[in-house]
Each structure stands twice: as structure tokens, then as C-alpha cells.
Amino acid sequence: MNLTVQIAQHGGPEEMKLVDVPVGEPGPGQIRIRHKAIGLNFIDVYQRAGLYAMPMPLNLGMEASGIVEAVGAGVTHLKVGDRAAYASNPPGSYSEARVMPAQSVCKLPDAISFETGAAMMLKGLTAQYLLKRTLPQGGLKAGDFVLFHAAAGGVGLIACQWAKALGYQLIGTAGSDAKCQLAKDHGAAFVINYNTEDFAARVKEITGGKGVKVVYDSVGKDTWDKSLDCLMPFGLMASFGNASGPVAPFAPGMLGGKGSLYVTRQTLFTHIATRESTQEMADELFEVVASGKVHIRIDQTYKLADIAQAHRDLEARKTTGCTIITL
């Protein structure tokens, strides 16, 4: 038996079924990995629901850790018995074992547990490319203000800590006072409850009317318009998710009137498209976690059989930090 979570059509959490999917031998450039822990991410919801349309049937899941069981021809950076972790296409991490491309699989340092490895790869590499690679004109320097939405989520709590380590003043938003406190406890310089405060007005107040150099936004539709108003001239609006739904089409001319703004839509999988880039980013992530500057907070754990409830809780924004699935 090799239990795998699969959907036959896009839809709600009830579409996810545990099925037995045989695992074969890895071909050239592939490995077979037996999972120890699996990460839960919003991209899994997008793929299940159809926001990101995928061919059917679809095995879900983008992130996990485990032990390398077999290595195909041409794979030199991994060997049988290695501890490993990944965030990778194609989906399929919601499983006991799988054959997959080796390119985005990284050897997991002994100092980092399987649970932490499964929780941190997709979210941690996302925080890395945002704070280190997705930068406003002129870059960022110590003391600069950045606005980060969903600051108490998995990516957010990593970003709060990493931004503090880099010397940035991160303004974090969240949907409750408890979540705001969580972001503050993890290094956010300022926090805003967007359900009780006008976050655009508060950002202007915090920054003395100047605004921020960059907004990092995974919320999408609900935060988009006001986020543009938080930016200083030549500021960067960096979208990397759609938790509240996709952003509506807009006229590029509006960016001129708001201060000659820049807009970008980023995705992790462009950044980890090569083995070299993936390893470089992972090395930075491993270093900042092993050093203690960034702690990976795992607040929820579910069994693979309870994956539907995990998705319901994630969509209802009941989760904080990272969530893992155990076998």
C-alpha cells in the first residue's frame, strides 16, 4: 500500500480521497522518497479548488521531508539514505512515498528535524525570494519599512523574523488581535488588525506619511487597492498569493497617479527553476534556521486521513504558523 491523497475533479475538501498509488523506480533525474512529514500550503487549496486548473486525476501536495530510497541516473547531489526536504512541482507530496524530479529536492541538514523540514521549505523559500530577491527600486536597507499581509501565517511568521534579522521595520497585518500579537512576538516592528483598523491610514501614520517601499501581499482581492495607497513613490507591490480571491483587472494608468508604482506577481517555482538556484536559496534558509535567527513554528498537526479537515481549517483562517501532516 502507498496511500496518496488524490482528487478526480476540482471542488471542496470532500473531493480528496485516500487511494493506493503504486510507486515505481526512479528514472533519469528522479528519486524515490519515503515521507516522514508533509507540509500544508494555500497553493494546495488553489489546486484542489480549481483556481489553478490542473489535469485530473491529481495527487495533491507540494512540500515534504523524508528519506531518499532510490536514485535515478544523473542525480549526483543525493544518495540513498539521505535525509531530504523539498518544495517542488509536480504535486504529490500528500503520500507515503513517491517518485519525483530530484532537481528541487535538497539534502536536509542533521540539525533540522523532519517536521521542521516539511514545514519550512515552501514557506521559507518563499520568504527568502521575497525579502532577498523581490526588491523595490534601489533595494532595501536597515531601517526601511515594509508591509507584510497575513503576518501570522506560515510565510508571515518566517518573514517577520527574517526581516528583523535584516534590520527592516516590518509592519504586519492580521485578522485578529491574537494573530497580531503573534506577529509582534516574532519580530514585526508594528502590527495592524485589518478587521478593526484602516491599515492604509495606519501605515501612513507609522511611516510619518511617507508610506512603505514594498508591500508583500498573499491575500489578494481584499487588500489590493488599499495596499497600493500604502506605497511611497516608485514603491513595489509584490503579489504572491490570492487567499481572499484573485485581484480584479486594473488599468495600468492608475499606477502613475499613485506615484509611478511597480507591480509584480511572483511565484516560487520561477525562482527554483534550476538546481543551482534552488540550492542557493535553500542554503540561505537552512543557515538562518540553524542559527536560531528564524524559528519555524508548527502550530497544527493532522494525520493524512484528516486532510479534509486540515484544508477546511486553513481556508477558514483558523491556522497560524505552519501546519504539517504526519503519516
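The values are calculated or read from the model by the stated rules, or taken from the named source; none is laboratory data. This structure is a prediction, so every number in the text was calculated from the model and none was measured. Cβ coordinates were reconstructed from backbone atoms using ideal geometry, including for glycine residues, and neighbour counts include every protein chain displayed.
Do you know which residues across the range 160-176 are surrounded by fewer than 21 Cβ atoms within 10 Å (Cβ to Cβ) and either of a type outside the set (D, E, K, R) or touching a strand residue (DSSP E or B) at 6+ places or on another chain (Cβ under 6 Å) (or both)?
Ala165, Leu166, Gly167, Gln169, Gly175, Ser176
Test each condition in (1) touching a Gly at 6+ places or on another chain (Cβ under 9 Å); (2) without any contact (Cβ under 8 Å) to a residue 60 or more places away in the chain; (3) in the same structural domain as Val146 (by TED's automatic domain parsing) for Gly208 and report the one that comes out false.
(1)
Can you name the condition, by its number, that Tyr52 falls short on among (1) within 23 Å of Thr270 (Cβ to Cβ); (2) at pLDDT 95 or above; (3) of a type in the set (Ser, Thr, Tyr)?
The failed condition is (2).
For residues that are of a type in the set (Lys, Arg) and without any contact (Cβ under 8 Å) to a residue 60 or more places away in the chain, scanning just the range 300-319, find the one that is surrounded by the fewest Cβ atoms within 10 Å (Cβ to Cβ).
Of everything passing the filter in the range 300-319, Lys318 is surrounded by the fewest Cβ atoms within 10 Å (Cβ to Cβ).
Taking Asp222 as the residue in question, decide whether it is free of Cβ contacts under 8 Å to residues at least 40 places away in the same chain and of a type outside the set (S, T, N, Q). Can you show your working first?
Values: free of Cβ contacts under 8 Å to residues at least 40 places away in the same chain: yes; of a type outside the set (S, T, N, Q): yes.
In short, yes.
Quick one: which strands (runs of 3 or more DSSP E) lie wholly within the range 1-117 and hold at least 2 residues that are among the small types (Gly, Ala, Ser)?
30-39, 63-71, 83-87
Restricting attention to the range 162-175, and to residues there that are in contact with a helix residue (DSSP H, G or I) (Cβ under 9 Å, 6 or more places away or on another chain) and not in a strand (DSSP E or B), which single residue is farthest from Val289 (Cα to Cα)?
Per the stated criteria, the residue is Tyr168.
Using the structure shown, decide if Ile296 is part of a loop (DSSP other than H, G, I, E, B), of a type in the set (Val, Ile, Thr) and under 15 Å from the mean Cα position of the chain (by Cα).
yes
For the range 228-252, how many residues meet the condition of being under 16 Å from Gln266 (Cα atoms) and polar (S, T, N, Q)?
Going through the range 228-252 one residue at a time, the tally reaches 2.
Name every residue in the range 85-119 that is more than 24 Å from Met54 (Cβ to Cβ), surrounded by 24 or more Cβ atoms within 10 Å (Cβ to Cβ) and in contact with a Gly (Cβ under 8 Å, 6 or more places away or on another chain), in order of residue number. If you could, list the steps in order and put the result at the bottom.
Pass one, the range 85-119, residues more than 24 Å from Met54 (Cβ to Cβ): 106-117.
Still in the running and surrounded by 24 or more Cβ atoms within 10 Å (Cβ to Cβ): 106, 108, 117.
Correct list: Leu108 only.
Looking at (1) closer than 20 Å to Leu166 by Cβ; (2) surrounded by fewer than 18 Cβ atoms within 10 Å (Cβ to Cβ); (3) of a type in the set (Lys, Arg), which is the one condition that is false for Arg297?
It is condition (2) that Arg297 fails.
Conditions: (1) over 18 Å from Gly156 (Cβ atoms); (2) acidic (Asp, Glu); (3) within 22 Å of the chain's Cα centre (by Cα). Asp222 meets all but one. Number of the miss?
Unmet for Asp222, out of (1) over 18 Å from Gly156 (Cβ atoms); (2) acidic (Asp, Glu); (3) within 22 Å of the chain's Cα centre (by Cα): (1).
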